[in-house]
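To start, the structure itself, in structure tokens.
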Amino acid sequence: MSFLPTLVLFVVVVSTAIWVSRDSRALEAQGMPVVVSLGGRRIGSPVLWTVGCLLLWVVFIPVYLAARRTITG
């Protein structure tokens, strides 16, 4: 039974990363890319957002949502 929290976390991370991938691609196609600078690095491509969400979900999801909000209002 101890694997259940790990499984739930895995599903949440992967599903939100998929959403970020689709959402950032759609916004980029509309001419509104989600761009942010973190530690001197520019993050703006859907691929970087997706990989970032998969590897450092706890950092990238809040940053993506905040950056997205400034674009979409």
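Derivation of every value follows stated rules applied to the coordinates shown; laboratory data play no part. As the structure is a computational prediction, the values presented were derived from the model and not from experiment. Every residue, glycine among them, receives a Cβ derived from its backbone with ideal geometry; neighbour counts consider all protein chains shown.
Computed on segment 3-72, with alpha-carbon pairs under 8 angstrom and 6+ residues apart, the relative contact order is 30 percent.
The charge dipole of the chain, taken about its Cα centre with unit charges on the Cβ of Lys, Arg, Asp and Glu (plus for the first two, minus for the last two), comes to roughly 140 debye. Considering only Val11, Val59, Val36, the residue lying farthest towards the positive end of the dipole of the chain is Val36, judged by Cα position with unit charges set on Cβ. Against the chain, whose longest principal axis comes from its Cα atoms, helix 57-72 is set at around 30 degrees. Compute the angle between helix 3-29 and the longest alpha-carbon principal axis of the chain, please, reported from 0 to 90 degrees and rounded to the nearest 10. The helix 3-29 is inclined about 20 degrees to the chain. Overall size of the chain from C-alpha positions, given as principal axis extents largest first: 46, 26, 21 Å.
Quick one: helix 46-55 against the long Cα principal axis of the chain, what's the angle to the nearest 10°, folded into 0 to 90? So the inclination is approximately 30 degrees.
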